[in-house]
Amino acid sequence: RPATPLATAPWGRRASRAATLTPDSYTTSRDTIQLANRLDEIREERQQRLRWITVTNQQLVSAGVRLDVAEPGAIDLGFLMPRALFHNALKDFGEELRRIDAIVEAFSRLATGETQRAQLLTVNTSTPLAFIKVDPDTVRAIIHAFRVTIDIVKTILTLKQGIEAIRALLAPKIVSTAIEEAEMRQSEAIREAVKAHLAESHEVRSESDSHELEIVLTHAYGELARQISGGLEIKIRTSLDAQIDPTKLGLLSDIVAAVNELKFPELPPAATQKLVDERVGEAKDIE
């Protein structure tokens, strides 16, 4: 059998040269050029964006605008307040901030033995988010209270939603009695939570101080229940630097993990507004 001519052999030198001259090879070459051009365009777009970011940052710094971040080793506590909670009214928003301040005072007294005033750091708009500066021990006490109160609120909301579902089938007096029973259960659960929280505290107090603090904490827990029922949530902002003292770093890490584990109740908008209106009325009656 005669040998295959070199020009047609798939591995021959002439065949490889011929392959480079096929129409497909020209198409591949054009695609490569187009791809290279597109990469150049992307690179230039990136450079333009970087220049824009640099100039914008310089302008913001010159104007005194800075990024809101926690100082290294610090932890900022944020309260996210949906507008339904304060009816989008400035006066009511101020009242909610005042109540948050009272809550912080109560739990700072529990955690540190001293009443501390929260320092307002920033307030973001849209859905207002107010960050305050407070010591880590107080933050931990507040998170504990949130975790317990969330469970209480979820239970009571489930009861109330069940009542609402069959309201049309019940006499008005029965509905009122059922709602009052649910409120009594919440109050009792809060009292038990306060006693348990006090028992976990290692601060040495006189009997009169303990009694007074129990009253203050009961009111603080009640306010948390009202605000959580209205959609209030908490956020954490911190900066975990490797140079922080290991003990403090562990505390901050535990706080961040605890906040991330909180599961706030999901409330339908209409139900949220109704419950908020009811709880706000009760709070004003108490005051």
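Couplings 3J(HN,Hα) for the range 204-215, derived from phi with the Karplus relation 6.51 cos²θ - 1.76 cosθ + 1.60 (θ = phi - 60°), are 8, 9, 6, 5, 5, 5, 5, 5, 5, 5, 4, 5 Hz, where x marks Gly and Pro. Taking amide H as placed 1.01 Å from N in the peptide plane, the amide H of ILE234 sits under 5 Å from that of LEU80, each at least 5 places away or on another chain. Estimated from the Cβ-Cβ distance and a Förster radius of 51 angstrom, the FRET efficiency linking ARG51 and ILE166 is about 0.20. Cross-link pairs exceeding 32 Å in C-alpha to C-alpha distance, out of LYS133/LYS160; LYS91/LYS173; LYS160/LYS195; LYS195/LYS248; LYS91/LYS160; LYS91/LYS235, comprise LYS133/LYS160; LYS91/LYS173.
Quick note: the coordinates plus some simple rules give every number you see, no bench work behind them. A quick note: this is a predicted structure, and the numbers were derived from the prediction, not measured. All Cβ positions, glycine included, derive from the backbone under ideal geometry; neighbour counts span all protein chains shown.
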